[in-house]
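Participant: Would you mind keeping the following structure in view while I ask a few things?
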Amino acid sequence: MTSLPENPPSVISEDARATAVQRLQEAYAEGHISHEEMDEGLDQVLTAKTHSELVSALASLPEEDAGPTSTIAAAGGRIKRRGTWRVPRVLKVESAFGRVYLDLSRAAIEHPVVDIELQLGTGKAKITVPRDAIVDLDALHTGWKDTLYKPQRSSRPGGPRIRISGTMGFGRLKIRHARR
């Protein structure tokens with residue numbers, strides 16, 4: 001019997017690595033960690049190859065302030081975020097009559113949990129999440145059509161948790177995992 005090769009864990013971006021280094025340096029400057037702890041953390045961050053290794057290197061740091069909520073809004077038209085962009089801890093997306101496309105597959109995700117709150121009237125929404133992400137849709141209310149989402153068969157621990165909440169009116173939300 002031959003076993004199927006397991007998909008390799010997703011590789012972290014250099015932006016995510018730079019952000020992790022900055023978090024370690026700030027924690028040291030604020031007196032939260034010792035010089036030795038910073039050196040050890042930097043070694044882990046600089047040699048990390050996957051998101052889960054990066055998260056474990058930052059696990060001992062104090063919780064980050066979630067900061068202000070970022071909002072993307074449009075009455076009509078299209079809302080689109082893709083490529084390399086920094087995903088805030090809390091992202092509100094508001095659209096009355098347009099399409100929404102969020103691609104998180106190449107984005108810098110600095111937080112272990114990202115909350116995306118959708119307030120959509122009509123129109124479709126599509127969200128592409130990293131391959132190792134865990135998606136939570138429990139707080140999402142759909143008015144007309146069900147959400148299209150097929151969870152990964154085997155999720156890898158350590159990926160970001162994407163919690164999607166809010167209200168979808170007369171559109172449909174489609175969520176998929178990135179292929180690479």
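Computed from the coordinates by the stated procedures, all read-outs in this text should not be read as laboratory data. Nothing here was measured: the structure is a model prediction, and the numbers come from that model. Ideal geometry is used to build each Cβ from the backbone, glycine not excepted, and the neighbour counts take in all protein chains shown.
Participant: How much length is gained if the chain between Leu137 and Val113 is pulled fully straight, taking 0.36 nm per residue apart and subtracting their Cα-Cα distance, in nm to one decimal?
Facilitator: Extra length from Leu137 to Val113 when fully extended: 7.3 nm.
Participant: Next question, about the same structure. What does the extension gain come out to for Arg161 and Tyr101, with contour length at 0.36 nm per residue minus their alpha carbon separation?
Facilitator: 19.7 nm
Participant: So if a site counts as exposed when it's one of the GluC sites (Glu not before Pro), its DSSP state isn't H, G, I, E or B, and it has at most 10 other Cβ atoms within 10 Å, what's the longest stretch of the chain without one? Provide the component values of the computation, followed by the final result.
Facilitator: On the way: sites that count: Glu6, Glu30, Glu63.
Excluding the exposed sites themselves, the longest stretch runs over 64-180.
Participant: Mind pulling the per residue volume of the convex hull built on the Cα atoms of segment 38-112? Å³ is fine.
Facilitator: Per residue, the Cα convex hull of segment 38-112 comes to 93 Å³.
Participant: Would you please classify the overall shape of segment 129-180 from the alpha carbon gyration tensor, given that a ≥ b ≥ c denote the square roots of the eigenvalues, rounded means a/c under 1.5, and beyond that prolate means a/b larger than b/c while oblate covers the rest?
Facilitator: prolate
Participant: Could you work out [θ]222 nm for the chain from helices alone, using -39500 (n - 2.57) per DSSP H run of at least four and dividing by all its residues? Round to the nearest 500 deg cm²/dmol.
Facilitator: -6500 deg cm²/dmol
Participant: If you don't mind, another one. Checking the a/c ratio against 1.5 first, then a/b against b/c, what shape does the Cα gyration tensor give for the chain? Can you show the working numbers first?
Facilitator: On the way: a/c = 2.53, a/b = 1.51, b/c = 1.68.
It is oblate, given that a/c is not under 1.5 and a/b is not larger than b/c.
Participant: Could you give the size of the charge dipole of the chain about its Cα centre, using +1 on the Cβ of each K and R and -1 on the Cβ of each D and E, expressed in debye and rounded to the nearest 20?
Facilitator: 1760
Participant: In sequence order, what are the phi-derived ³J(HN,Hα) couplings for segment 126-132 according to the Karplus relation 6.51 cos²θ - 1.76 cosθ + 1.60 with θ = phi - 60°, rounded to whole Hz, with x for glycine and proline?
Facilitator: 9, 10, 9, 10, x, 4, 8
Participant: For Ser165, enumerate residues with amide H under 5 Å from its amide H, sequence gap 5+ or separate chain, H modeled in the peptide plane.
Facilitator: The answer is Ile116, Glu117, Leu118.
Participant: For the chain, modelled as a Gaussian network with Cα springs under 10 Å, which listed residue fluctuates most, Ala133, Ala107, Ala29?
Facilitator: Ala29
Participant: For Arg172 and Val21, compute 0.36 nm times the residue count separating them, minus their Cα-Cα distance, and round to one decimal in nm.
Facilitator: So the extension gain works out to 50.5 nm.
Participant: Right, here's the next one. Semi-axes of the equivalent ellipsoid for segment 70-177, please: Cα gyration tensor eigenvalues, times 5, square-rooted, ordered largest first, whole Å. Walk me through the intermediate numbers first.
Facilitator: Numbers: eigenvalues 91, 49, 26 Å².
Whole-Å semi-axes of the equivalent ellipsoid: 21, 16, 11.
Participant: Is segment 14-58 rounded, prolate or oblate when judged by the Cα gyration tensor, a ≥ b ≥ c being the square roots of its eigenvalues, rounded requiring a/c under 1.5 and prolate requiring a/b larger than b/c? Working shown, then result.
Facilitator: Details: a/c = 2.30, a/b = 1.68, b/c = 1.37.
Taking the square roots of the gyration eigenvalues as a ≥ b ≥ c, segment 14-58 is prolate.
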